[in-house]
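The values are calculated or read from the model by the stated rules, or taken from the named source; none is laboratory data. What you see is a predicted model, and the numbers here were worked out from it, not measured in a lab. Here the Cβ positions follow ideal geometry from the backbone for every residue, glycine too, while neighbour counts run over all protein chains shown.
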Amino acid sequence: MRPLRFLPLLPGLLVAGATLAPPLAAQSGRIAYESFALPNGLRVLYSEDRSAPIVTVDLWYYVGARNERPGRGGFAHLFEHMMFQGSAHVKKSEHFQLIERAGGSLNGSTHDDYTNYYETVPSNRLNLALWLEADRMRSLAITPENLENQRETVKEEKRLRVDNQPYAPTFRNGIIWPYDSTTCFAYAHPGIGSMDDLNAAQLADVQAFFDTYYAPNNATLVVVGDFRTAELRRLVNQYFADIPSHAAPPPVSCASKLSPGTVRREVTDEHANLPAALRFYRLPSHDDPDTPALELLESILGEGESSRLNVGVVRHEQAALQAGLGALGERRGPGVLFAYGIANQGVDVQRLDSLIGAELDSVRSAGVTADELTRAKNQFRAQQVDERETTFGRAELLQHYSLFHSGPADINTDLDRYLAVSAADIRRVARKYLDPANAVIVTVKPGAAATTKTGGSE
């Protein structure tokens, strides 16, 4: 599945490339690209687009929460912050200043299987973006002061975005509960880490993490936009070719199985004013043949005003303030599909859970209509077009297909797999993955402070 598109329970970081008219190749659904590799292992993909004087540099390191080990959770996210603390020729926070002064935008984000960093700049500043990425790949400033500063920054982010947000701790835990930390630690611990793990991080740990994962042979550089190929190759060789490769990172293992038995949990949320019901289902890795049908099923059940959960649970039964369904599926290992509902005032949470379960079971038993399937395919096609509208969107797509598919060439053929999905395929994957024995079912009850504030309790 493509990255999670819909998650109202948690505040998120909005990142986007600059909008411009797409080239003819993008309008027709095809993206032309070329590639080369440096002797140190850095892979480079590039796609020229002269429609506007803008270019995106998008660098993915193949490191995320899946690469962490017990006692050192949250390292990948901590390191994303460390990467903006300066390098041999760049002062602390100067990376942001230089790009913004050049009229560009930038950001970074941590995921389960990768960490990305990008800059979208006027095309005459391509050299600046490449130089900045190369300088911190070669010589990141790993100092006690930077570590302590960013450790506290991440801890505050955790308090703000997770610990003190209603339903957020339940969601954070819910997406890891389907997997056993003893056999699949990669996907059975929270990516933001714990306070204990963050406090335990030592400078030597951070340096070792950098030496293991932030190397040219563990990264792919994608450049999309207005540039000359000869000049791009010259700049990449000038800035990156002398950065040494490192030993290959250790492999990641995850042993898990579908439908081991229903698990039920009840939690109390001191920040929630209303009860909530959530269901978490195990999914296969992104490269599984079931992924297209699963993503269309996700759309039919939980995306938009016409989705089954919204129509059935919110509008018809009026049992939920909001209800939806999404997935964490952009993984080389197993993913998670989740359904949720936040109860309306006075609605029993067990009734809400039953209504959500009934909507999911209806697809397992009776399938979906031709109109629902057509609408889901149209939504997916529209999303594909939308993602190709920006240089950043195309860069991220090239990265996605390079890492999670057989190769970047799938960027021009993947739509065919989705359009070929039948109603029988949707019912088959619903029966397989929405099996109650494959679910962790969670009910959330407001805490005493919340029920006192709203003047009642269940």
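Residue by residue, here is whether (1) closer than 27 Å to residue 136 by Cβ; (2) touching a Cys at 6+ places or on another chain (Cβ under 8 Å); (3) not assigned by TED's automatic domain parsing to the domain that holds residue 76 holds:
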| residue | (1), (2), (3) |
| --- | --- |
| 184 | no, yes, no |
| 196 | no, no, no |
| 203 | yes, no, no |
| 249 | yes, no, yes |
Original post:
Is there a residue in segment 421-438 that is touching a strand residue (DSSP E or B) at 6+ places or on another chain (Cβ under 6 Å) and in a strand (DSSP E or B)?
Top reply: no
**OP:** Please list, ordered by first then second residue, the pairs with beta carbon atoms under 7 Å, 6 or more apart or interchain, first in segment 250-262 and farther than 20 Å from residue 65 by Cα, second of a type in the set (A, V, I, L, M) and surrounded by 14 or more Cβ atoms within 10 Å (Cβ to Cβ).
**Re:** 262/439; 262/441
Subject >> Whichever residue in segment 23-66 is farther than 24 Å from residue 332 by Cβ and of a type in the set (Lys, Arg) and, among such residues, is modelled with the lowest pLDDT >> reply: 30
Original post:
In this structure, does residue 272 turn out to be part of a strand (DSSP E or B) and at pLDDT 95 or above?
Top reply: no
Original post:
Can you tell which of 103, 108, 74 is at positive phi and touching a strand residue (DSSP E or B) at 6+ places or on another chain (Cβ under 7 Å)?
Top reply: 103
**OP:** Please find, within segment 167-189, the residue that is farthest from residue 446 (Cα to Cα) out of those that are aromatic (Phe, Trp, Tyr) and touching a Leu at 6+ places or on another chain (Cβ under 6 Å).
**Re:** 171
Original post:
How many of the residues making up segment 389-413 are in contact with a helix residue (DSSP H, G or I) (Cβ under 8 Å, 6 or more places away or on another chain), without any contact (Cβ under 8 Å) to a residue 60 or more places away in the chain and either closer than 22 Å to residue 296 by Cβ or assigned to a helix (DSSP H, G or I) (or both)?
Top reply: 3
Original post:
Does residue 78 satisfy the criteria of being under 19 Å from residue 227 (Cβ atoms), outside any loop (DSSP other than H, G, I, E, B) and not β-branched (Val, Ile, Thr)?
Top reply: no
Original post:
Can you tell me which residue in segment 43-61 is surrounded by the most Cβ atoms within 10 Å (Cβ to Cβ), limited to those that are out of contact with any Lys or Arg (no Cβ under 9 Å at 6 or more places or on another chain) and part of a loop (DSSP other than H, G, I, E, B)?
Top reply: 52
Original post:
Among the numbered criteria (1) at pLDDT below 95; (2) within 22 Å of residue 133 (Cα to Cα); (3) part of a loop (DSSP other than H, G, I, E, B), which single criterion is violated by residue 207?
Top reply: (3)
**OP:** Go through the residues of segment 208-225 one by one and say whether even a single one is closer than 30 Å to residue 279 by Cβ and more than 21 Å from the chain's Cα centre (by Cα).
**Re:** no
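Please enumerate the residues belonging to segment 73-101 that are crowded, with 18+ Cβ neighbours inside 10 Å and touching a Gly at 6+ places or on another chain (Cβ under 8 Å).
If the condition is that a residue be crowded, with 18+ Cβ neighbours inside 10 Å and touching a Gly at 6+ places or on another chain (Cβ under 8 Å), then 73, 74, 75, 76, 77, 78, 80, 83, 84, 95 are the ones that fit.
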**OP:** Scan (1) in contact with a Lys or Arg (Cβ under 7 Å, 6 or more places away or on another chain); (2) surrounded by fewer than 21 Cβ atoms within 10 Å (Cβ to Cβ); (3) assigned to a helix (DSSP H, G or I) for the single condition residue 186 breaks and write down its number.
**Re:** (2)
